[in-house]
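Encoded as structure tokens, the structure appears first; notes follow it.
The values are calculated or read from the model by the stated rules, or taken from the named source; none is laboratory data. A quick note: this is a predicted structure, and the numbers were derived from the prediction, not measured. Backbone-built Cβ (ideal geometry, glycine too); neighbour counts: all protein chains shown. With ligands, DNA and RNA removed, areas are computed over all heavy atoms of the protein, side chains included. Shrake-Rupley method; radii C 1.70, N 1.55, O 1.52, S 1.80 Å.
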Amino acid sequence: MRKIILFLFLCLGIGVQKSLSQVRDTIVIHDTVYVEKPKKKPITVDSNNLIKMKAIGRYDRGILNYRFVPKGKWIGGLTFSYVNLDSDNSSMLYAILGDMDATFTMKSIHPFVGYALKDNVVVGAKFGYSHIVGDLGNIDLNLGDDLSFNIGNMHYTEDMYSFGVFNRSYVGLDENGIFGLFNETALTYKRGTSNFSDGEGDSMTHTETDVNEIHLGINPGVAVYITKNVCAEMSFGVAGFKYRWEKQRDESGEVGKRNSSGANFKINLFNINIGITFCM
């Protein structure tokens, strides 16, 4: 009887071990899943919209320039700028000076027309008008007992007309031709008059100035097509060179002349332009 019971236990143990082995084998088989590695689709670029860029020296930067303004297209539009500064909004400057009443306003508009000599390269002409008004009602400067004075009752106006030629180089950022960057180099001639008055009543003095100016400027910007043929843009001046000559006349008939020149390599906050361009 003991032998029979021992035999049964041995058979049961072998069966359990075999079952566990089968389960383990089953788990291994079913727990291991072989998934085929997906193949990456090669990135394709529409060569019809891609403009080849020459490498700089021996290095190829890998920059993709998509067609933004096709060759043979005419573009036209206008840009405008508006700047307004008021002493009421300049709390820090007001605290330093103690008492200040001054305003400054500058408005300008520049219509332009251009032609694409080749893809993303446009040359054209630009016209412009700008109007500047500055009023200084009062400034009290108090930096101590040895340095304090008061100035005021000053008024300045300037009206300038301009004509210039420009070259624009675009870089398309996407193959759909919606987003792009550009850099504009413009040579502009400006002519106009300015008037400056100081004081009030019988003590007021007045000076009138004829102004001529030649300006070479670099204006980068960004452009976005909002419809198929209408593009919104924004640009700002970062570098420029100007030569200016003036001829002044005061109320007594005296005449004076002044020539000046200068260059700047910084973002000009007074030369930020927003505009609309039509591509035909």
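L187: accessible area at probe 1.4 Å, nearest 10 Å²?
90 Å²
Dipole of the stretch 126-280, Cα-centred, from +1 at each Lys and Arg C-beta and -1 at each Asp and Glu C-beta, to the nearest 20 debye?
Numbers: 12 positive and 20 negative charges, 225 e Å.
Result for the stretch 126-280 is approximately 1080 debye, rounded to the nearest 20.
Of the options Y243, N212, T185, report the single residue whose Cα projects farthest towards the positive end of the charge dipole of the stretch 179-259 (beta-carbon charges: Lys, Arg +1; Asp, Glu -1).
T185
Below 9 angstrom from the Cβ of I214, what's the summed charge of the other residues (Lys, Arg +1; Asp, Glu -1)?
Spelling it out: positives minus negatives among the neighbours equals +2.
What residues of the stretch 213-240 lie in the reach of a label at A263, counting those whose backbone N is under 19 Å from a point 7 Å from the Cα along Cα→Cβ?
214-220, 237-240
Calculate the translational D of the stretch 148-255 in whole µm² s⁻¹ from Stokes-Einstein, where the hydrodynamic radius comes from the Kirkwood formula applied to all Cα pairs, the temperature is 20 °C and the viscosity 1.002 mPa s. Before the final figure, lay out the partial values.
Numbers: Rh = 17.5 Å.
Using the Kirkwood radius from Cα pairs, D works out to 122 µm²/s.
Simple spin-label model, 7 Å along Cα-to-Cβ: T185 to D101 in nm?
4.9 nm
Show V165, V83, V211 ordered by accessible area, largest first, where the area counts protein heavy atoms only and the probe is 1.4 Å.
Descending order: V165, V83, V211.
At what distance in nm do the modelled label points of K71 and N153 sit from each other, each positioned 7 Å from its Cα along Cα→Cβ?
Inter-label distance under the simple model: 6.7 nm.
Check the stretch 124-280 and count each lysine pair with an alpha-carbon distance under 29 angstrom, considering only pairs eight or more places apart or from different chains.
Step by step, the pairs that qualify in the stretch 124-280 add up to 15.
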